[in-house]
Structure formats: structure tokens, C-alpha cells
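The values are calculated or read from the model by the stated rules, or taken from the named source; none is laboratory data. Since this is a predicted model, take the numbers as computed values, not measurements. Cβ: placed from backbone, ideal geometry, glycine included. Neighbour counts: every protein chain shown. Protein only, heavy atoms only, side chains kept; ligands, DNA and RNA dropped before computing areas. Shrake-Rupley method; radii C 1.70, N 1.55, O 1.52, S 1.80 Å.
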Amino acid sequence: MALSFEADPCAKCEEVLQPYLDRELSDAERAEAEKHLDECSYCRKRYRFEAELRRFVRQAAVEEMTPDLKAKLAALRTPL
Ligand SMILES: [Zn+2]
């Protein structure tokens, strides 16, 4: 990968966000990402948002989008 956590930690964190959630990272990469998440609230929010979004999307795939679910999704879309 072109980026490194040393050069630009937040950009690197964004780069590994999807593979992280897909559990495709190596142990070393995941450890680096988690270390950064520990100290960066901006990236932590991004990761939490993505993780929540995926959870809701999975849920929406098996059941109708209820007004309650739609409200929860809308509530997640807060500016980062
Ligand atoms: Zn960051």
C-alpha cells in the first residue's frame, strides 16, 4: 500500500477502513489501525459510522425498512 500510518495516519486509516471491517487485514495492519483509533476520535467516529451502517444494511436486507429503522439510519448521518 502506498500510504503509511507514519506519513498520514488518518488517510491510511481511511484506506484500511473497508478491509478492516471485512476482516481482511493482517494482524499487524489491524493492530496499527486499532492503535490509531485509540488516539484519533475522528477516525473512531468514521469507523463506528461504517460499522453501524453495515449492521443496518444487513438488517434491512432481511426485513422491510421500518420507519423506526429509517429514523435510526437518518440519525447516523450526522456530520463528522
Ligand atoms: Zn485519524
How many residues of region 53-80 are open to solvent by less than 50 Å² (accessible area, probe 1.4 Å) and touching a residue at least 24 places away in the same chain (Cβ under 8 Å)? The answer is 1
Restricting attention to region 1-19, which residues are part of a helix (DSSP H, G or I) and over 21 Å from R77 (Cβ atoms)? P9, A11, K12, E15, P19
Test each condition in (1) closer than 17 Å to P9 by Cβ; (2) over 13 Å from the mean Cα position of the chain (by Cα) for P67 and report the one that comes out false. (1)
Tell me, please, whether a residue that is at positive phi and in a loop (DSSP other than H, G, I, E, B) can be found in region 29-44. no
So L25 clears everything in (1) closer than 16 Å to L3 by Cβ; (2) outside any loop (DSSP other than H, G, I, E, B) except one condition, right? Which one? (2)
